[in-house]
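Below is one structure, written out as structure tokens, with a few remarks after it.
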Amino acid sequence: MADGATAEAGARESAVAAAMALRDVTIAFRLGDGSVYNAVDRTSLSVADGEFVTIVGPTGCGKTTLLNVAAGLFRPSSGSVNIFGAELFGLNRQSGYLFQSEALFPWKTVIENVAIGLEIAGTARSEACERAQKLLARVGLASFGPRYPHMLSGGQRKRVGLAQVLIRDPKILLMDEPFGPLDAQTRQIMGNLLLDLWSADRKAVLFVTHDLEEAIALSDRVVIMSAGPAARIMGDWRVPLVRPRDIAEIKLDPAFHELHREIWQTLKSEVLKGYAQTDGG
Amino acid sequence: MSRIKLLLLQVLVAVVCVLAWHVLTAVPHGNPFLPPFFFSTPYDVALQIYKWFADGSIWRHLAITLTEATFAFIVGSLGGIAVGFWFALQPTAAAVLDPYVKMFNSLPRIVLAPIFTLWFGLGMLSKIALGFTLVFFIVFFNVYQGVKEVSPTVLANARMLGMNERQLMQHVYWPSALSWMFSSLHTSVGFAVVGAVVGEYLGSSAGLGYIILQAEGIFDIAGVFAGMFVLAAFVLVIDAFVTWVERRLLVWRPAAAETRT
Ligand SMILES: Nc1ncnc2c1ncn2[C@@H]1O[C@H](COP(=O)(O)OP(=O)(O)OP(=O)(O)O)[C@@H](O)[C@H]1O
Ligand SMILES: [Mg+2]
């Protein structure tokens, strides 16, 4: 199963240079006591340009680690990362990364946080602020510009983070559980907002979530990771649902249910197998 | 608690203390519990303070102490910021010099005062030097910590947004270091004043420390107490100013952290 998925991804990848391709990536951490923890084992994954790919996996399996590798923040122990056909050394400047944990600059106001991406690239401050303000309006925070991050709710902070990343107009978007701490209703609103923003210029997206329903509703492809250690990709599904989608409505579609059941069956057994492996080894 | 109520209670404490002082130095008549020769009386102290302000002689001393403290604070902060950044960004230098920093910091500054007088004379310079040795270490430790303790995620985010080293300095390390430094502003400003006054006390020709020393020399206890009260009021005013500055500089901090200072 896993090999089949990898082969399929490999075949697609060779046809066109993918926006992003991880090849046989292995990630090992050296622990304090000198032992080595093998977090991710020989994983390959590619994201085509304009494609929305979501990784689903149990907590601690290595999703964040994989995104860090894709962002160039962390070097894999072996394997390679290719961005639009060129091997990645150092930071992945073509991508925007929405982090799982708090990453806004607490000493900057909301509008400064969003404008900074342009300012450091040399855009005049007034113009940067103007564009930041427009983007803030897009994420529904038009009147929040002068606030500081600690004066916002978790969901509002995530939206500021999204605006901060989007203002640089990156070709690739890496998103690590951006809706993690939010309630179900807000997740739907944020999901629709994200799809709305994404549909404007279809960036390549690598999205991470725990929530299988959310994954199917948002993506073109859903990738399942096994539990760690030595996590691998255990399945790769295309989502045949039409776009544009509404997160709430798409969940009523029979095709959605069909796919959900199919993925869940594999996910369940694979995850159980993953746990069994952990116990055995 | 409302501000008015708080202020009233604070004043009440002062009133009770002064009243107790007055009573203990007045009764029993002829042979009071606290002999005025050693403890003076509230009236004499108030009179002394009034005289100083009435003839204006105190202003010169206040101005000198303030100048010394200000310079000690500025120079100490600049030095602390420079070395703090240097250590945080050059771990090798930090590792090599670490024992020496600890050594100097553990040195009681008072033993340095005579040496500074020898080197810099009886004027303001020796007091500024003493204040510097106190302020420097507080600012240094806080800046060092502030640069090192930047959240790794915030740092990674800054890099992903495209910041180069200089921009990281400007937008990440610098604000973080300053916020740590500002959160210790009360302590460092307080130490600048302490350095100035102690320096004056140990040898000078002007300043609050000097007038206290003068009064002690002639067993003028009212003068000593008056000097201490003026010093206390001086420190309170400066502290209020620091609080005012802090409010403006650390607006981005959550309220909990703001009150932690
Ligand atoms: N610096 C590190 N040193 C050692 N082990 C680490 C380190 N960082 C992560 N790990 C381990 O690697 C594994 C993967 O971590 P990762 O953060 O990628 O998980 P995740 O899939 O993002 O989990 P979650 O869904 O909870 O965010 C975990 O088991 C974690 O304990
Ligand atoms: Mg994670």
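Specify the angular offset, from 0 to 90 degrees and rounded to the nearest 10, of the alpha carbon long axis of helix A:2-15 from the longest principal axis of the alpha carbons in chain A.
For helix A:2-15, the angle is close to 50 degrees.
In a Gaussian network model over chain A where Cα atoms closer than 10 Å are linked, find which of A:L173, A:L98, A:L197 has the largest mean-square fluctuation.
Comparing A:L173, A:L98, A:L197 in the GNM, the peak value goes to A:L197.
Dipole of the protein assembly as shown, Cα-centred, from +1 at each Lys and Arg C-beta and -1 at each Asp and Glu C-beta, to the nearest 20 debye? Walk me through the numbers on the way to the answer.
Values: 44 positive and 44 negative charges, 116 e Å.
The dipole of the protein assembly as shown has a size of about 560 debye.
Work out, in µm²/s and without decimals, the Stokes-Einstein translational diffusion coefficient of the stretch B:41-249 at 37 °C, 0.692 mPa s, Rh from Kirkwood over C-alpha pairs. Numbers along the way, then the final one.
Details: Rh = 18.8 Å.
Approximately 174 µm²/s, per Stokes-Einstein.
Any idea what diffusion coefficient the stretch B:1-106 gets from Stokes-Einstein, in µm²/s, Kirkwood Rh on alpha carbon pairs, 25 °C, 0.890 mPa s? Please report the intermediate quantities before stating the final value.
On the way: Rh = 19.3 Å.
It diffuses with D of about 127 µm²/s by this estimate.
Name the long-range amide H neighbours of A:M20: under 5 Å, sequence gap of 5 or more, or other chain; modelled H, no Pro or chain starts.
Distant-sequence amide H within range of A:M20: A:V47, A:F84.
How many nm is it between the label spots at B:T187 and A:S78, if each spot is 7 Å from the Cα in line with the beta carbon?
Between B:T187 and A:S78, the simple spin-label model gives 5.0 nm.
Which cross-chain or sequence-distant (5 or more) residues have an amide H under 5 Å from the amide H of A:Y97, H modelled 1.01 Å from N in plane?
Amide H neighbours of A:Y97: A:L174.
GNM, chain A, Cα, under 10 Å: largest mean-square fluctuation among A:A48, A:A200, A:A128?
A:A200
Among B:236-242, B:183-189, A:235-241, how do they line up from the highest to the lowest mean number of other beta-carbon atoms within 10 Å? Don't skip to the end; give the middle numbers.
Working: B:236-242: 13.4, B:183-189: 19.9, A:235-241: 16.6.
Answer by packing, highest mean first, reads B:183-189, A:235-241, B:236-242.
For the stretch A:185-193, take each phi angle, set θ = phi - 60°, evaluate the Karplus expression 6.51 cos²θ - 1.76 cosθ + 1.60, and give the result in whole Hz per residue in order, putting x for glycine and proline.
5, 4, 4, 5, 4, 5, x, 5, 4
If you split all Cα-Cα distances of the stretch A:125-281 into 10 Å bins from zero, what percentages do you get per bin, shortest first?
Here the calculated profile for the stretch A:125-281 is 9, 34, 31, 18, 7, 1, 0.
Under the definition of partner shielding as Cβ atoms of other protein chains within 10 Å of a residue Cβ, what is the mean value for peptide B:157-169?
Working: counts 14, 5, 7, 18, 16, 10, 4, 1, 0, 1, 4, 1, 0.
Mean shielding by partner chains, rounded to a whole number: 6.
Add -39500 (n - 2.57) for each DSSP H run of 4 or more in chain A, then divide by its residues: what number comes out at 222 nm, to the nearest 500 deg cm²/dmol? If you can, show how the numbers build up before the last one.
On the way: 9 runs with 116 residues, N = 281.
So the helix-based figure for chain A works out to -13000 deg cm²/dmol.
Using alpha carbons only, how many degrees (0 to 90, rounded to 10) separate the axis of helix A:125-138 from the longest principal axis of chain A?
Helix A:125-138 and the main axis of chain A meet at about 60 degrees.
Per residue of B:143-154, count partner chain C-beta atoms within 10 Å of its C-beta, then hand back the mean as an integer.
On the way: counts 0, 0, 0, 0, 0, 0, 0, 0, 5, 3, 6, 8.
Mean number of neighbouring Cβ atoms from other chains: 2.
Along each of its three principal axes, how wide is the spread of alpha-carbon positions in the protein assembly as shown, in whole angstrom units, largest first?
That works out to 103, 53, 51 Å along the principal axes.
Which pairs in the list A:K134/A:K171; A:K63/A:K203; A:K63/A:K134 are over 24 Å apart, alpha-carbon to alpha-carbon? Before the final figure, lay out each step's value.
Details: A:K134/A:K171 20 Å; A:K63/A:K203 20 Å; A:K63/A:K134 32 Å.
Over 24 Å apart, Cα to Cα: A:K63/A:K134.
At 0.36 nm per residue, minus the direct Cα-Cα distance, what do B:E216 and B:F120 gain on full extension? Give it in nm, one decimal, please. Before the final figure, lay out the partial values.
On the way: separation 96, 0.36 × 96 = 34.56 nm, distance 2.51 nm.
Net length gain for the segment: 32.0 nm.
Could you go through the stretch A:227-233 in sequence order and give the Karplus-derived ³J(HN,Hα) for each residue, using 6.51 cos²θ - 1.76 cosθ + 1.60 with θ = phi - 60°, rounded to whole Hz, and x for Gly and Pro?
6, x, x, 6, 5, 9, 7
No value in this document is a laboratory result; all are computed from the given coordinates. What you see is a predicted model, and the numbers here were worked out from it, not measured in a lab. Methodologically, a virtual Cβ is constructed for each residue, glycine included, from the backbone with ideal geometry; neighbour enumeration extends over all protein chains shown.
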